[in-house]
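The values are calculated or read from the model by the stated rules, or taken from the named source; none is laboratory data. Just so we're clear, the structure is a prediction, and the values are computed from it rather than from any experiment. Glycine also receives a Cβ, built like all others from the backbone with ideal geometry; neighbour counts cover every protein chain displayed. Areas reflect the complete protein model, heavy atoms only, side chains present, ligands, DNA and RNA absent. Shrake-Rupley method; radii C 1.70, N 1.55, O 1.52, S 1.80 Å.
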Amino acid sequence: MRYRINKKTGDRISEIGLGSAYIPETPLNTAIPALRRAYEGGINYYDLAAGSAKAFPMYGEALADVRKHILYQIHFGADYSNGTYGWSLDLDTIRRSVDKQLKELHTDYIDYGFIHCQDEITDWETYLKNGVYDCILKLKEQGVVRHIGLSSHTPAVIHRIMDDVGIDMLMFSINPAYDYGQGEFANGTADERSEVYRRCETEGVGITVMKPFSGGQLLSDHQSPFGRALTQYQCIRYALDRPGVLTVLPGAQSIQEVEELLRYEDQPEETLDYSVVASFAPPQAAGKCVYCNHCKPCPAGIDIGLVNKYYDLAKAGDKLAAEHYRTLEKNASDCIRCGHCDCRCPFSVRQSERMQEIRAFME
Ligand code: SF4
Ligand code: SF4
């Protein structure tokens, strides 16, 4: 398992995490070995916005003895009082729900306490007015909540909340369908969504990815909004390539499904290549580098995707990205303008020209 560091908190987080939307539907004697296998396979990050209340005792039984080695993100606003997932802005309901979750998880602390599912500015105003955010802050002072997160599907709301309060982690819905305006949570334009990724990377806020397969739709020829399926490995790689992303949180309901996710770590580059999404992308996406590296190999040895990522971040004011760029063994100054990347890029990026632009900016 590869790990990424949350720059704000220093936490070392597995690039494959686990979501909990579907595991409560699984019998205990299947769910518990699956959760245990995830842990043994190196997964140390678990989202607990579960599909039903059954998830919490499952996690408690499977992972209580290794609690100090794993990280939970728990949502202030997810309510399970009737057994299944519900959404609430009411402080007492939220407190009761979180207390019960902690008890059933056999833990007394929360690694990431999340401001849960904010997709309207009015929801955020109500959240503040009802004292839910103050409650999270108080629990942080008491050491019950270690870090604060936010989950949202909506770029404008994310910016507003990041302007209003500090967060240490963002949970955002990322997949090629949403980024190109297709699907239920395709909120914001491609540029607005990229702006969220860049802001998080620049400010050191890690991103955990929900809905990496668009609820499974992207994995099916019939349901994919593009009329063509991607593999789960292509979707995971796509999400992990976005700036700021630390971990992707797909669901799994059995040891076999966990094993399938873990095999991501051993996939060859050609299996992970998601450049086929260029054929789905709307015309306005043409000419924008998505860091897929499909244009490799570069005869000058440049990591073209990485150079472009650092450039976009540096342009957005990320000084650290500019520093990282300068430590690269090969960068835009090494481009010999052979044009190989121009021919290979499925997104019609005129990369040889862009390398000159990058060189001028960075120097
Ligand atoms: S230039 Fe094209 S192929 Fe190369 S990394 Fe960017 S988007 Fe991918
Ligand atoms: S044009 Fe430059 S960046 Fe592109 S493949 Fe040739 S040397 Fe590499």
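All of ALA186, ALA177 fail the test of being touching a Gly at 6+ places or on another chain (Cβ under 7 Å) and under 29 Å from VAL277 (Cβ atoms), apart from ALA177. Tallying residues that are closer than 24 Å to ASP273 by Cα, at pLDDT below 90 and not charged (D, E, K, R) within the stretch 302-320 yields 1. Residues that are open to solvent by 30 Å² or more (accessible area, probe 1.4 Å) and within 10 Å of ligand 1 (Cβ to nearest atom) within the stretch 346-363 comprise PRO346, SER348, ARG350, ARG354, listed in sequence order.
Each row is one residue, and each column tells you yes or no for (1) in contact with a strand residue (DSSP E or B) (Cβ under 7 Å, 6 or more places away or on another chain); (2) part of a helix (DSSP H, G or I); (3) buried (at least 16 other Cβ atoms within 10 Å of the Cβ).
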position: ALA50; (1), (2), (3): no, no, yes
position: MET58; (1), (2), (3): no, yes, yes
position: ALA62; (1), (2), (3): no, yes, yes
position: VAL66; (1), (2), (3): no, yes, no
position: ARG96; (1), (2), (3): no, yes, no
position: ASP99; (1), (2), (3): no, yes, no
position: LYS103; (1), (2), (3): no, yes, no
position: ASP123; (1), (2), (3): no, yes, yes
position: TYR127; (1), (2), (3): yes, yes, yes
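All conditions but one from (1) touching a Gly at 6+ places or on another chain (Cβ under 8 Å); (2) open to solvent by 30 Å² or more (accessible area, probe 1.4 Å); (3) not aliphatic (A, V, I, L, M) apply to GLY244; the one that does not is (2).
Taking each residue of the stretch 138-165 that is within 17 Å of ALA186 (Cβ to Cβ) and looking for partners that are at pLDDT 95 or above and of a type in the set (Phe, Trp, Tyr) with beta-carbon atoms closer than 6 Å, six or more apart or interchain, yields SER151/PHE114. Condition check: part of a helix (DSSP H, G or I), surrounded by 18 or more Cβ atoms within 10 Å (Cβ to Cβ), within 11 Å of ligand 1 (Cβ to nearest atom) and touching a residue at least 24 places away in the same chain (Cβ under 8 Å). Does VAL290 satisfy that? For VAL290, the condition - part of a helix (DSSP H, G or I), surrounded by 18 or more Cβ atoms within 10 Å (Cβ to Cβ), within 11 Å of ligand 1 (Cβ to nearest atom) and touching a residue at least 24 places away in the same chain (Cβ under 8 Å) - is not met.
Can you find even one residue in the stretch 305-326 that is among the hydrophobic types (A, V, I, L, M, F, W, C), more than 16 Å from ligand 2 (Cβ to nearest atom) and in a loop (DSSP other than H, G, I, E, B)? Yes, the stretch 305-326 has at least one match. Residues in the stretch 7-38 that are touching a strand residue (DSSP E or B) at 6+ places or on another chain (Cβ under 9 Å), surrounded by fewer than 18 Cβ atoms within 10 Å (Cβ to Cβ) and assigned to a helix (DSSP H, G or I): GLU25 alone.
Per the conditions (1) in a helix (DSSP H, G or I); (2) touching a residue at least 24 places away in the same chain (Cβ under 8 Å), the sole criterion not satisfied by SER352 is (2). Any residue at all in the stretch 257-265 that is acidic (Asp, Glu) and within 12 Å of ligand 1 (Cβ to nearest atom)? No, the stretch 257-265 contains no residue that is acidic (Asp, Glu) and within 12 Å of ligand 1 (Cβ to nearest atom).
Which residue is farthest from CYS345 (Cα to Cα), if the candidates are limited to the stretch 258-283 and must be among the small types (Gly, Ala, Ser) and away from ligand 2 (no atom under 16 Å from the Cβ)? Once the filter is applied, the top-ranked residue is ALA281.
Restricting VAL196, VAL209 to residues that are touching a residue at least 40 places away in the same chain (Cβ under 8 Å), part of a helix (DSSP H, G or I) and crowded, with 20+ Cβ neighbours inside 10 Å narrows the list to VAL196. Checking each residue in the stretch 327-336 for being within 14 Å of ligand 1 (Cβ to nearest atom) and either outside any helix (DSSP H, G or I) or open to solvent by 60 Å² or more (accessible area, probe 1.4 Å) (or both) picks out only CYS335.
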